[in-house]
Every structure is written in structure tokens, then in C-alpha cells.
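What follows is one structure encoded as C-alpha cells, with my remarks underneath.
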Amino acid sequence: MVDMHTSTSTRTHETTRRTSLFRWRTVDLVSVAMLGVAIGLVFWGWSQLYHVISAVATVAFPPIAGLLTGPWLLGGVVGALVVRKPGAAMATEVVAASVEALLGNGWGLSNLVVGAIQGAGVEIVLAVLLFHRFGVLAAMAAAAASAVLGGLYSWAFYYTDWAAAAVVAYLALFVVSGVLTSGLLGWLLVRGLARTGVLDAFEVGRELADRQAA
């Protein structure tokens, strides 16, 4: 016999979840902006190191640049894991890219385009997961997709003279770097922030609190 009360409650909960998924609160908007600015400062710092390291590392094997590019996916992953709403990944990544560009990184306003493309990679994966899975595997998959889109953009605009093997190597290294430095470390960063209590207004903070209470 079907428990009609349970079935109705489940449908109501799912409807509420879908509705809240697209309803942005003030704290969501503020958090995206703050995360974007903070990560933008990290992006800018990394861009300064990147120019120095890549000038040496890519002499013998140019596709190694992909291994240095993963940290630039952090904004999209962290923004999505914290806010958990469609558009959060792209918005955080674009804000971070804007801050980096304003501070000066060598690529100028093209940064905003790259940020949007990389943020879109995260959005696609989370949309496939129906914005219902935000664990470490989801974070790593999102970073991988972000790396693929970002890598294809870089190839189309910067590395068009590369042989196919070099492009494949670059994309593979970009994915590995993104999965580790933005997917895995991004997930760990969000978990660490949640433990401090600063994310209590978000689902990730409540989830951690529930686990600790249990």
C-alpha cells in the first residue's frame, strides 16, 4: 500500500527545492561577489608566478603550460559548491577574472571571456547532476569540464600552430591540473570554510553541522 502522505511530502519537498534553486538571496549575491574578489586576488598572484615559471618550463615542451593553468578554475568550482545555484559558478569565475584583469595580468579584458567559458564548464556538469550532487567527485568532474572548455579556447586563440598531439597533451595536462588544484583543493577549501562556521547560511554549512551532530 502506498503511503500517500509520504508521497505528497516528497513531491512538496522536491518542488520547494526546485523553487529555491532559482531564487537568489542577498547573501548568495554578496557571497559570490566576495568569493570572486578573494579568488581574483589569488588569480592575480598566480598569474605573476605563471609568467615566470612558464617562460622556463615551456621552452622544451610548450604543452606543459596546461599543468600550470588549473588554478584558474578555482572560482567557478568554489562559487558553485558554496552557493549551489545555476549561474553561481560563472558569476564567481567572471568576478574573479575581472579582479585579476583590473590588477593587471598580461591578458587584459579577454580574461572575462575566458572566465565565462570556464565557469560554463562547471555549470554544465552541475546541470547534468541537476544541482543535486556537490561532493568531491562532482567538484572534480566540474573542474575537468571547465578545463576542457578553457583549454579549447586557449588552443583556438593562442596555440593554433600546435600539432594535434601537442593540443591533446595540453588539454590532458590542463584537466589533470584543474581536477587537482581546483576540483579537489576547491572542495577541501569549501569544507574547511564550512568547519569554521562562516558558511552556516548555506546548505554546505548545514550539511556539515548535521553530520557533526549525528
task = Return yes or no: is ALA145 of a type in the set (A, V, I, L, M, F, W, C), surrounded by 14 or more Cβ atoms within 10 Å (Cβ to Cβ) and more than 30 Å from ALA60 (Cβ to Cβ)?
result = no
Filtered residue count, the stretch 124-134, keeping only those that are outside any loop (DSSP other than H, G, I, E, B) and open to solvent by 30 Å² or more (accessible area, probe 1.4 Å) = 3
inquiry  = For the condition more than 19 Å from GLY183 (Cβ to Cβ), in a helix (DSSP H, G or I) and open to solvent by 30 Å² or more (accessible area, probe 1.4 Å), what is the one hit in LEU137, LEU152, LEU112?
reply    = LEU112
ask   = For the stretch 38-57, which residues satisfy the criterion of being buried (at least 16 other Cβ atoms within 10 Å of the Cβ) and of a type outside the set (Gly, Ala, Ser)?
value = ILE39, VAL42, PHE43, TRP44, TRP46, TYR50
ask   = Considering the stretch 188-214 alone, what residues qualify as being assigned to a helix (DSSP H, G or I) and either of a type in the set (A, V, I, L, M, F, W, C) or open to solvent by less than 40 Å² (accessible area, probe 1.4 Å) (or both)?
value = LEU188, LEU189, VAL190, GLY192, LEU193, ALA194, VAL204, GLY205, LEU208, ALA209, ALA213
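I'd like the full set of residues that are β-branched (Val, Ile, Thr) and open to solvent by less than 20 Å² (accessible area, probe 1.4 Å), limited to the stretch 58-71.
From the stretch 58-71, those β-branched (Val, Ile, Thr) are 58-59, 64, 69; that's our starting set.
Correct list: THR69 only.
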query = Does VAL168 satisfy the condition of being surrounded by fewer than 19 Cβ atoms within 10 Å (Cβ to Cβ) and either in contact (Cβ under 8 Å) with a residue 12 or more places away in the chain or part of a loop (DSSP other than H, G, I, E, B) (or both)?
reply = no
message = Among (1) in a helix (DSSP H, G or I); (2) surrounded by 13 or more Cβ atoms within 10 Å (Cβ to Cβ); (3) modelled with pLDDT of 95 or more, there is one condition SER20 misses while meeting the rest; what is its number?
response = (3)
remark   = Scanning the stretch 57-74 residue by residue, those of a type in the set (A, V, I, L, M) and either within 9 Å of the chain's Cα centre (by Cα) or within 14 Å of SER47 (Cα to Cα) (or both) turn out to be ALA65, LEU67, LEU68, LEU73, LEU74
message = Restricting to the stretch 81-140, give me the number of residues that are at pLDDT below 95 and polar (S, T, N, Q).
response = 3
note = When ALA142 is run through (1) in contact (Cβ under 8 Å) with a residue 60 or more places away in the chain; (2) within 25 Å of ALA55 (Cβ to Cβ), the failure sits at (2)
note = Across (1) crowded, with 16+ Cβ neighbours inside 10 Å; (2) more than 11 Å from the chain's Cα centre (by Cα); (3) closer than 24 Å to ALA156 by Cβ, VAL77 clears everything bar (2)
task = Give the stretch 84-104 a look and list any residue that's open to solvent by 10 Å² or more (accessible area, probe 1.4 Å), over 13 Å from VAL42 (Cβ atoms) and not charged (D, E, K, R), or say none.
result = PRO86, GLY87, MET90, ALA91, VAL94, SER98, ALA101, LEU102, GLY104
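The values are calculated or read from the model by the stated rules, or taken from the named source; none is laboratory data. Treat the numbers as computed from the prediction; the structure is a model and nothing was measured. Counting neighbours? That spans all protein chains shown, and the Cβs are built from the backbone with ideal geometry, glycine included. Heavy atoms of the whole protein, side chains included, go into the accessibility calculation; ligands, DNA and RNA do not. Shrake-Rupley method; radii C 1.70, N 1.55, O 1.52, S 1.80 Å.
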